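One structure is given below, encoded as structure tokens.
The values are calculated or read from the model by the stated rules, or taken from the named source; none is laboratory data. Please read all numbers here as calculations on a predicted model, not as lab measurements. Positions of Cβ are generated from backbone atoms using ideal geometry, with glycine treated the same way; all protein chains shown enter the neighbour counts. When the accessible area is computed, the model is the full protein with side chains, heavy atoms only, and any ligands, DNA or RNA have been set aside. Shrake-Rupley method; radii C 1.70, N 1.55, O 1.52, S 1.80 Å.
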Protein chains: 4
Amino acid sequence: MSDFTPRPEHKFTFGLWTVGNVGRDPFGVPTRAARDPTDTVRKLAEIGAWGVNLHDNDLVPGDATPGERDRIVREFKQALKDHGLVVPMTTTNLFSDPVFKDGALSSADSRVRAYAAQKVMRAMDLGHELGATTFVFWGGREGSEVDGALDARDALARYRESLDFLAAYAEDQGYPFRFALEPKPNEPRGDLYLPVVGSMLGFIQTLAKPERFGVNPEFAHDTMAGLNFVHAVAQAIDAGKLFHIDLNDQKMGRFDQDLRFGAENLKTAFFLVKLLEDSGYDGSRHFDAHPLRTEDEEGVWDFARGCMRSYLILKDKAARFDADAEIQELVRAHRVVDDRLDGYLASYSAESAERVARRTFDLEALRQRPTQLEKLDQLTIELLLGAR
Amino acid sequence: MSDFTPRPEHKFTFGLWTVGNVGRDPFGVPTRAARDPTDTVRKLAEIGAWGVNLHDNDLVPGDATPGERDRIVREFKQALKDHGLVVPMTTTNLFSDPVFKDGALSSADSRVRAYAAQKVMRAMDLGHELGATTFVFWGGREGSEVDGALDARDALARYRESLDFLAAYAEDQGYPFRFALEPKPNEPRGDLYLPVVGSMLGFIQTLAKPERFGVNPEFAHDTMAGLNFVHAVAQAIDAGKLFHIDLNDQKMGRFDQDLRFGAENLKTAFFLVKLLEDSGYDGSRHFDAHPLRTEDEEGVWDFARGCMRSYLILKDKAARFDADAEIQELVRAHRVVDDRLDGYLASYSAESAERVARRTFDLEALRQRPTQLEKLDQLTIELLLGAR
Amino acid sequence: MSDFTPRPEHKFTFGLWTVGNVGRDPFGVPTRAARDPTDTVRKLAEIGAWGVNLHDNDLVPGDATPGERDRIVREFKQALKDHGLVVPMTTTNLFSDPVFKDGALSSADSRVRAYAAQKVMRAMDLGHELGATTFVFWGGREGSEVDGALDARDALARYRESLDFLAAYAEDQGYPFRFALEPKPNEPRGDLYLPVVGSMLGFIQTLAKPERFGVNPEFAHDTMAGLNFVHAVAQAIDAGKLFHIDLNDQKMGRFDQDLRFGAENLKTAFFLVKLLEDSGYDGSRHFDAHPLRTEDEEGVWDFARGCMRSYLILKDKAARFDADAEIQELVRAHRVVDDRLDGYLASYSAESAERVARRTFDLEALRQRPTQLEKLDQLTIELLLGAR
Amino acid sequence: MSDFTPRPEHKFTFGLWTVGNVGRDPFGVPTRAARDPTDTVRKLAEIGAWGVNLHDNDLVPGDATPGERDRIVREFKQALKDHGLVVPMTTTNLFSDPVFKDGALSSADSRVRAYAAQKVMRAMDLGHELGATTFVFWGGREGSEVDGALDARDALARYRESLDFLAAYAEDQGYPFRFALEPKPNEPRGDLYLPVVGSMLGFIQTLAKPERFGVNPEFAHDTMAGLNFVHAVAQAIDAGKLFHIDLNDQKMGRFDQDLRFGAENLKTAFFLVKLLEDSGYDGSRHFDAHPLRTEDEEGVWDFARGCMRSYLILKDKAARFDADAEIQELVRAHRVVDDRLDGYLASYSAESAERVARRTFDLEALRQRPTQLEKLDQLTIELLLGAR
């Protein structure tokens, strides 16, 4: 039996808001007390996490005086130092305050937009002070229910302007942030602009400095839209834009569940872990999930340990998949390489086009070629179930 | 009462495969006979369409001899000429033939990829001969059910290579095509790569000649994923990439219904028409829908007339929306402009950043500002219902 | 132009919790102040509502002393009297308190079940005191995320036992309630038991006194599961079980939006209103929706007025549909009656079976018979849009 | 390692239409040849199946003469005998023929209804001749896209009349069938009446002889609507109505995928197998799935073997779950029994009501009680993954 003990080198991170979630939902009041951030640091270190991430207000209340702010940050940094944790990523809460009820960085109100920008600037200052190198934007209120009020093109234009401004600010301050945009299809707004990973990849190209921006895909978010999350992350990697990742779980086509990683879609979780490991992704494995509302304090840590443990079990499965001779034979057989044809397609010339155009194919053979996909998939399932 | 008679200047187009759909579905055999393409041309002209679009095999059977092919094309062009119809867009059927059962331009089999490329080249030759200037790629088989067989990054790499090759072919031949990539989340494959409009916008940036490529969003496709189609089209326009559009309808979260335009989501259809008209989009209004399987020949044309008529009614509603004083007052009030703040955000400088950072906002006022969105939305609904 | 002014005879009702919704959501704090129930009564009367419904704790806080409780109820009854409003339906809040975090009437904990029953008994006392004749059960916490803990059969058995106990209590007290069970597929629990209207219809037959129980279908709830809400309500009416109805709106396959009635699915809303009116349903037209979180006090009443106004507009459309000669001709033609065959099917006998078995059908004619459904649907859409 | 070899005592069955699926889909022509039914019998016996199920036309073509029909049936029975297979269930194809394009047993056309009834009577004769004791009704065309044509109450009334007639026919003939109604939310129709398991349970109570009718839940069907299939089957068992079951798999919120059992939702499949085994269900474990369109003949049998093997692996997991001391301790702890309170709730009396009403509960303790659900769920996942 392999060892599934989480250790800092696995780069597991949690948000203060995840293990700190108090169990409020649209129909119920909190079931758990708020947690002291420094105590969360201690506890995360104890269970083997590498880092802790945060929104500005997870650490510093919105109404803190400058003096309180400095004390809170000082004590938090001390806790990080004491327990050996890092803060790889920070972000801004642009969704809780009613100020942002109809948008923040894309709001139709100049004052709201400017206030949101101010809040992000301060959150960047905080993030830099804590040593974060990734800065996430999740536009939880950048969306609409009433499309009559506003042309979505205007909302996109404003959002772009705000992001360009803020990236310039970071550069000006010498903050080495990589910005990771996090999409979500809906909730809390009826529809969020730039709803899925692909949308963000497209949008980034319209920014002033696309090279500073990448994505922060969240498992549950593309899954809410019924999309294949592994494909979405693969596209982000393909585009050189996987700057961060949020791991959790979710059933398709429903409210944002933020379940424990590996709780629901085991096969997708497996292929995701395999993709991250195969691709050489070396960033945080960040869990943006929360314990069920039914849980008490002990349940919170059962939840956190479970996220990490499932990742490690699936990572071990990925290695077994690569080492499984029968599986690998099927994978190899699935790929049919014709070097000459590949050469033509890889490099266009009038001649290569001519070759492709004149080629005669044995269509009947191609129609009947075996793919052995049912077999491969069944072996994958059996490997996942520990039955091979 | 306005005039809702479709005329060529409205640029309505139908696919041969749409009014020619024979009513087969996964559980039933055809209910209608196949249509003769030249007769479809005659009929479409009669009901006021501007053009007709086609896949290669909608016109020329896959097993036609060169002589048959030429005769078919000649007769079809004559019909176009006789009836005054154009062919603004053509595409390739890369999904019906079992050759493509596990992918076409992204297949793991070099031979399939090359054959698909050959088929596209011929379809381009045909499209150019028919005068088409838009060439669509819909990757109906570019996807997977069994992710173990193939890293999605490899599939994307192959798809990119194929598209680059084919764009080079078109350029080499002097074909003035604009290429429009059409996304779909799933069906017929379990998951299709590049599932929604945003995904395609992201992918285009990784192609060798991104300027030649745009998107062909389909109403039903992003809607299958529960996304806001108006937002998706707005993003495409914002990126300068709306090269074509497929109009139809669909309930969210189910199989590809391809319903008559305006049949289901009236509010979304309204905002879509408004966006197209407001944006100055001057391409085809293409209906990629099909008559219900219950319909006979007469029902086919009821269907086609209904698509166009609903577009014109909604276009008229859009004009009324713009002319409605009470509605416009609400739209104006929703936008709060502060020129100074806007100036800071629009143009970053250390000084503008300083101004934003030091600004004091009356947060309580911002929290309580009225948005009047319920009122605006209700007026929109009443306008749609003809009750104002 | 028809008159769309809501009046008491239209039997429009709102929940205290609907217009009283404070705009909290999973990501944001309230945007509106709590409302005084007596003032809500005044305001609802002013805008033309007939009645007001409530959960126990919408009116009486959970921690009120008996004296406070009596004062609150007295003042509320006075307000009802002063403003001429009725309370046709009441229900119990079995979801907000963390006590119910893992179920209420179906909980695996005897104490929770008994406490929930106690709370319902008190809510029944209150409801009866207020004159309510319909009592709703919505099991917002009767569900699960972790199916390993509990066999769903046990949960159903406990839920049944609790309902039987409570129905007996009501009978014993002489309360003339009709009980209406309200299904929902998910949220706040991952999955709720008895998720849709049909599930409740099935479950009712397993209760000790099925005749006392019916359903309270909610537009948004079955719609979350992508089901046709009109069909669901039709089944409830067919079974004689439509005891109450919750009107609102929602996009399919997402979180519980509780949008203004008529805000999203106009066609479904139209057929629903038509069904209610055609069927002679004479109960409340209850709006279980809430204003968008963006709205202030004025927006709350825009919302409430909009719900009623859209109902009346759609009711007027339903009458126009029935009076439209072209539409009615299509409806008539769609139905083909053969009295002899109908007679056989309506009343089985060996002879009628023999007649059906030996009948020769002209299958080709049946295959080709026109249905004219595209035409009828287009006329319906045009009628909805006010274009006929 | 346990033995996962399928054997007849496991009661695995396949439909002729499942392993015989030719790989046609809405966008592609067949990829596999049609299979000879007698050869399918031979092959199914060889891989360990117990039985084979069929629609009338899977075995007997619609246009077979009586002589051909008898020969086909005779040869098929001989094959069953030769290979030791049974036919536990049969059903009627009421969906392929264009006759049924707008409904079959619920059609608005008397002739279609009567023809459908005739076809079912003949299918019953065939089923009885083959020894089937379960007869399934799947109303694949009993639905609508255009609700204006027909009040759903009328469709339900006609469907009921047809079922009552047919049940009387079976009784009259002495056929000992149990009738199993199979729901599906949509596809091929836009919406199917009686869309999910619960709907059928409700509908059955309105039939003339409800005791003869139960349900045939299909994993993929309720899953299309995003519902928890285990809960649906539990409700059917609770109501004594689980007469048959269709095992396969599916992603939520999309077209009917009919994937190999265990291919997608491993956790749901696990709890389903556990429920079937725990409940003592002794009917067929019927696989109503089909091989991916990519597969050739060999892939068909890989698919079939995979279905059975995954069932057996999950059955083994269910036994391990029951034998796992740590898991069982959590399950026990989750249930809190208070015999006195349970006694009150189980048997209403004025006195027991009084006891419940007067009881004082320690609400704070109930709010804070541990549920340990995250821990239990994590252990379940680890058991599923073979990591415990």
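Computed quantities for the displayed model
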| read-out | value |
| --- | --- |
| Local electrostatic count at D:Glu171 - Lys and Arg +1, Asp and Glu -1, tallied over other residues with Cβ under 10 Å | +1 |
| C:Ala34 versus C:Glu129: modelled label distance in nm, points set 7 Å from Cα along the beta carbon direction | 1.8 |
| List of the range D:290-305 residues, accessible area with partners at least 10 Å² below that of the chain alone (1.4 Å probe) | D:Leu292, D:Arg293, D:Thr294, D:Glu295, D:Asp296, D:Asp302, D:Phe303 |
| HN-Hα J in Hz across the range C:313-328 - Karplus 6.51, -1.76, 1.60, θ = phi - 60°, x for Gly and Pro | 4, 5, 5, 5, 4, 4, 5, 5, 4, 5, 9, 8, 4, 5, 4, 5 |
| Rounded to 5, the percent of DSSP beta bridges in the range D:1-137 classed as antiparallel | 10 |
| Surface per residue (accessible, 1.4 Å probe) for the range A:202-318, Å² | 20 |
| Using θ = phi - 60° and Karplus 6.51 cos²θ - 1.76 cosθ + 1.60, couplings along the range B:15-21 (whole Hz; Gly, Pro as x) | x, 3, 6, 8, 6, x, 4 |
| Where N is the number of residues in the protein assembly as shown, Cα Rg divided by 2.2 N^0.38 Å | 0.88 |
| Charge dipole magnitude, Cβ of K and R +1, D and E -1 - the range D:126-277, Cα centre, debye nearest 20 | 320 |
| Buried area at the C-A interface (accessible, heavy atoms, 1.4 Å probe, summed, Å²) | 2900 |
| Beta bridges by DSSP in the protein assembly as shown, antiparallel share as percent, to the nearest 5 | 15 |
| Shortest-first distances to equivalent copies, position C:Gly280, nm, label 7 Å out along Cβ | 4.6, 6.2, 7.7 |
| Listed residues D:Val233, D:Ser352, D:Phe271: farthest to the positive end of the dipole of chain D (Cβ charges) | D:Ser352 |
| For C:244-253, mean number of other protein chain Cβ atoms within 10 Å | 4 |
| Theoretical FRET efficiency, 1/(1+(r/R0)^6), r = Cβ-Cβ of B:Ile47 and A:Glu46, R0 60 Å, to 0.05 | 0.25 |
| Peptide C:148-161, shielding by other chains (average Cβ, 10 Å cutoff) | 6 |
| Antiparallel bridges, percent of DSSP beta bridges restricted to chain A (to nearest 5) | 15 |
| Point-charge dipole on Cβ atoms (K/R +1, D/E -1) for chain C, about Cα centre, debye to 20 | 240 |
| Sequence of C:His55, C:His83 when ordered by accessible area, the most exposed leading, probe 1.4 angstrom | C:His83, C:His55 |
| Nearest-10 value in Å² for the accessible area of B:Arg74, using the 1.4 Å probe | 150 |
| D:Ala346/D:Glu211 FRET efficiency (R0 30 Å; Cβ-Cβ; nearest 0.05) | 0.65 |
| Heavy atoms of D:Thr18 accessible to a 1.4 Å probe, total area in Å² rounded to 10 | 0 |
| Heavy-atom accessible surface of the range D:8-81: percent carbon and sulfur, 1.4 Å | 51 |
| Evaluated over the range C:239-361, the Cα radius of gyration and Dmax, each in Å | 21.5, 70 |
| Paramagnetic reach from A:Asp282 (point 7 Å along Cα→Cβ, amide N under 16 Å) across the range A:120-134 | A:133-134 |
| B:Glu277, A:Glu218, ranked by accessible area, largest first (probe 1.4 Å) | B:Glu277, A:Glu218 |
| Dipole-positive endmost among D:Thr380, D:Pro185, D:Phe203 within chain D (Cβ charges, Cα centre) | D:Thr380 |
| Theoretical ellipticity at 222 nm over chain A - DSSP helices of four or more residues, -39500 (n - 2.57) apiece, nearest 500 | -15000 deg cm²/dmol |
| At R0 = 25 Å, FRET efficiency that the Cβ-Cβ distance of D:Thr360 and C:Glu171 yields, to 0.05 | 0.45 |
| Length added when fully stretched, C:Arg332-C:Ile72, from 0.36 nm per residue minus Cα-Cα | 88.0 nm |
| GNM top mover of A:Thr91, A:Thr31, A:Thr40 - chain A, alpha-carbon springs below 10 Å | A:Thr31 |
